[in-house]
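Here's the structure we're looking at; comments come further down.
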Amino acid sequence: MPGRPLSRRFYRRDSRELAPLLLNKVLVHGNRTARLVEVEAYAGAEDPGSHAYRGLRPRNATMFGPPGHLYVYRSYGIHWCANVVCGDEGWASAVLLRGATPLKGLDEMYASRPGITRDRDLAGGPGRLCQALGIDGTFDGTDIVKGSDGVFLCDDGIPPPDDPGASTRIGLAPGKGDQSPWRYYVRGAKGVSRAPSR
């Protein structure tokens, strides 16, 4: 285990507070590990960009559950995306894991990402991150505190940056939360999906 798994208490905070604190934490799935370098906060019912904005549905039920679980959904019917559920139960707050720097298990990551030839391209973007780490819809609801399904988030002693990059979130429609500056990233890190939009 590359460090200490994060506690349930760590996740009991607003997504906008939690998101920058997740930078430089290590995502573990079996032998594969990667350092989180890009995340986005989603603020539940007060956030039109959130899947929970219109309330509880079968698809988003995990978001309303206890903190410290993964909410995994399919984007555009193609890519799996993983979010860390946070805040109080019923709040439906979550942080999207957008990009990571691979650390271990690179052979397995390359096997999961055929055609990729550079480490920096393995997990840069939420769909690529899930594919590289072997996370799909069967991991929706996974408890990352207890490590169910072999998935953890760990602290290996490297703190979040004192001055993380910040920008508006990526891929949201106009008027659907696209103006909220809730994307955070490690400046210059391999695995950040793209340059800041504004």
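Laid out as a table, the results:
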| item | result |
| --- | --- |
| Those residues of region 102-111 which are more than 18 Å from the chain's Cα centre (by Cα) and surrounded by 18 or more Cβ atoms within 10 Å (Cβ to Cβ), in sequence order | GLY105 |
| Single residue of region 70-99 satisfying the filter (without any contact (Cβ under 8 Å) to a residue 60 or more places away in the chain and of a type in the set (Gly, Ala, Ser)) that is nearest to ASP143 (Cα to Cα) | ALA82 |
| Region 1-21: number of residues that are assigned to a loop (DSSP other than H, G, I, E, B) and polar (S, T, N, Q) | 1 |
| Filter result (free of Cβ contacts under 8 Å to residues at least 24 places away in the same chain and either under 15 Å from ASP140 (Cα atoms) or of a type in the set (Gly, Ala, Ser) (or both)) within region 52-65 | GLY55, ARG57, PRO58, ARG59, ALA61 |
| Scan of region 164-183 for residues that are touching a residue at least 24 places away in the same chain (Cβ under 8 Å), assigned to a loop (DSSP other than H, G, I, E, B) and within 30 Å of GLY105 (Cβ to Cβ), ordered by number | PRO164, ARG169, ILE170, TRP182 |
| Close pairs from region 123-134: first of a type in the set (A, V, I, L, M), partner assigned to a helix (DSSP H, G or I) and open to solvent by 10 Å² or more (accessible area, probe 1.4 Å), Cβ under 7 Å, at least 6 apart | ALA132/SER112 |
| Matching residues in region 5-14 - criterion: being out of contact with any helix residue (DSSP H, G or I) (no Cβ under 8 Å at 6 or more places or on another chain) and open to solvent by less than 30 Å² (accessible area, probe 1.4 Å) | LEU6 |
| Neighbours by Cβ (under 6 Å, 6+ apart or cross-chain): first from region 1-30, at positive phi; second among the hydrophobic types (A, V, I, L, M, F, W, C) and open to solvent by 40 Å² or more (accessible area, probe 1.4 Å) | ASN24/ILE158 |
| Every residue from region 119-153 that is open to solvent by 30 Å² or more (accessible area, probe 1.4 Å) and of a type in the set (A, V, I, L, M) | VAL145 |
| Matching option when the condition is over 18 Å from ARG9 (Cα atoms) and crowded, with 18+ Cβ neighbours inside 10 Å, among GLY77, GLY115, GLY99 | GLY99 |
| Selection status of GLY191, under 22 Å from VAL72 (Cα atoms), within 16 Å of the chain's Cα centre (by Cα) and open to solvent by less than 20 Å² (accessible area, probe 1.4 Å) | yes |
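The values are calculated or read from the model by the stated rules, or taken from the named source; none is laboratory data. Keep in mind that what you see is a predicted model, and the values were worked out from it rather than measured. Cβ: placed from backbone, ideal geometry, glycine included. Neighbour counts: every protein chain shown. We work out accessible area using only protein heavy atoms, side chains counted, and drop any ligands, DNA or RNA first. Shrake-Rupley method; radii C 1.70, N 1.55, O 1.52, S 1.80 Å.
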